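A.B. asks: Okay, here's the structure, questions in a sec.
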Amino acid sequence: GAGVSQTPSNKVTEKGKYVELRCDPISGHTALYWYRQSLGQGPEFLIYFQGTGAADDSGLPNDRFFAVRPEGSVSTLKIQRTERGDSAVYLCASSPNQGSTGELFFGEGSRLTVL
Amino acid sequence: AQSVTQLDSQVPVFEEAPVELRCNYSSSVSVYLFWYVQYPNQGLQLLLKYLSGSTLVKGINGFEAEFNKSQTSFHLRKPSVHISDTAEYFCAVSGLGSNYKLTFGKGTLLTVNP
């Protein structure tokens, strides 16, 4: 069975540009999570979806960041007017439901570099 | 809110030696505790977790960890490491009411040398 798939694996963009990062969770997983991992740091929570709705978006750093999951499966993280400080690895994870067993299944991440 | 401190950023050891990776946490509420491992060019995967019950938990690949509430620690141990254990290890915590929101430490890079 396929794991969590994230595309692109690498994205280089210029400051001020718009970026979309895609996550395809494990089939049947209703919960989906986005985390961000900056260099030398552990992953930091951004947003959690249960089904189509964002149940907790308290980790999004500002209003330039937005995420959607319109059909309850694939999710897209959108970053407007990118800044050099947005450079990081963006991790997506999924779980069968709201993390009841505590196990999140992570993708390999999308590495974003803002020049 | 929770926080996690991994006391060692890098731990070099020789093959077949024992290893302990230290993790301390801070929280105002009861917590769940996890260790995740990230092998080179792979995603994070769960190594083991403490949810409740026995404070000694066993995970994959011969790793174990012990939850110590009084010392707010959750140290990871393995009695004899292999070259293939070389990876970055992350300790994480979540509150019982928000178990989807993991707070991670900065990670410990375990390097096993021949």
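Per-residue answers, yes or no, for (1) outside any strand (DSSP E or B); (2) of a type outside the set (Gly, Ala, Ser); (3) in contact with a strand residue (DSSP E or B) (Cβ under 8 Å, 6 or more places away or on another chain):
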| residue | (1), (2), (3) |
| --- | --- |
| A:GLY3 | yes, no, yes |
| A:ARG36 | no, yes, yes |
| A:LEU39 | yes, yes, yes |
| A:PHE45 | no, yes, yes |
| A:ALA54 | no, no, yes |
| A:PRO70 | yes, yes, no |
| A:LEU77 | no, yes, yes |
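A.B. asks: Another question, if that's okay. Restricting to segment A:1-30, name every residue that is within 11 Å of chain B (Cβ to nearest Cβ) and either open to solvent by less than 70 Å² (accessible area, probe 1.4 Å) or of a type in the set (A, V, I, L, M, F, W, C) (or both).
C.D. replies: Matches in segment A:1-30: A:GLY3, A:VAL4, A:SER5, A:GLN6.
A.B. asks: Looking only at residues in segment A:56-68 that are part of a strand (DSSP E or B) and closer than 18 Å to A:GLY109 by Cβ, which one is farthest from the chain's Cα centre (by Cα)?
C.D. replies: For segment A:56-68, the residue satisfying everything is A:PHE65.
A.B. asks: Got a number for residues in segment B:85-102 being of a type in the set (Ser, Thr, Tyr) and at pLDDT below 95?
C.D. replies: Residues meeting the conditions: 3.
A.B. asks: Same structure, new question: Looking at (1) touching a residue at least 12 places away in the same chain (Cβ under 8 Å); (2) crowded, with 21+ Cβ neighbours inside 10 Å; (3) within 13 Å of chain A (Cβ to nearest Cβ), which one does B:TYR100 not meet, given that it meets all the others?
C.D. replies: (1)
A.B. asks: Scan segment A:18-31 and tell me whether some residue there is closer than 19 Å to B:ALA92 by Cα, assigned to a strand (DSSP E or B) and among the β-branched types (Val, Ile, Thr).
C.D. replies: no
A.B. asks: While we're looking at this one, here's another question. Taking the conditions exactly as written (basic (Lys, Arg) and in contact with a Leu (Cβ under 7 Å, 6 or more places away or on another chain)), does B:ARG77 satisfy them or not?
C.D. replies: In short, no.
A.B. asks: Which ones in segment A:31-54 are within 8 Å of chain B (Cβ to nearest Cβ) and open to solvent by 30 Å² or more (accessible area, probe 1.4 Å)?
C.D. replies: A:GLY40, A:GLN41, A:GLU44
A.B. asks: A further question follows. In a loop (DSSP other than H, G, I, E, B), open to solvent by less than 30 Å² (accessible area, probe 1.4 Å), farther than 20 Å from A:PHE105 by Cβ and not charged (D, E, K, R) - does that describe any residue in segment B:76-89?
C.D. replies: Checked against the condition, which is being in a loop (DSSP other than H, G, I, E, B), open to solvent by less than 30 Å² (accessible area, probe 1.4 Å), farther than 20 Å from A:PHE105 by Cβ and not charged (D, E, K, R), segment B:76-89 yields at least one hit.
The values are calculated or read from the model by the stated rules, or taken from the named source; none is laboratory data. Since the model is a prediction, treat every value here as computed from it, not as a measurement. In this analysis, Cβ positions are derived from the backbone assuming ideal geometry, glycine residues included, and neighbour counts consider all displayed protein chains. Ligands, DNA and RNA are excluded from the accessible area calculation, which covers all protein heavy atoms including side chains. Shrake-Rupley method; radii C 1.70, N 1.55, O 1.52, S 1.80 Å.
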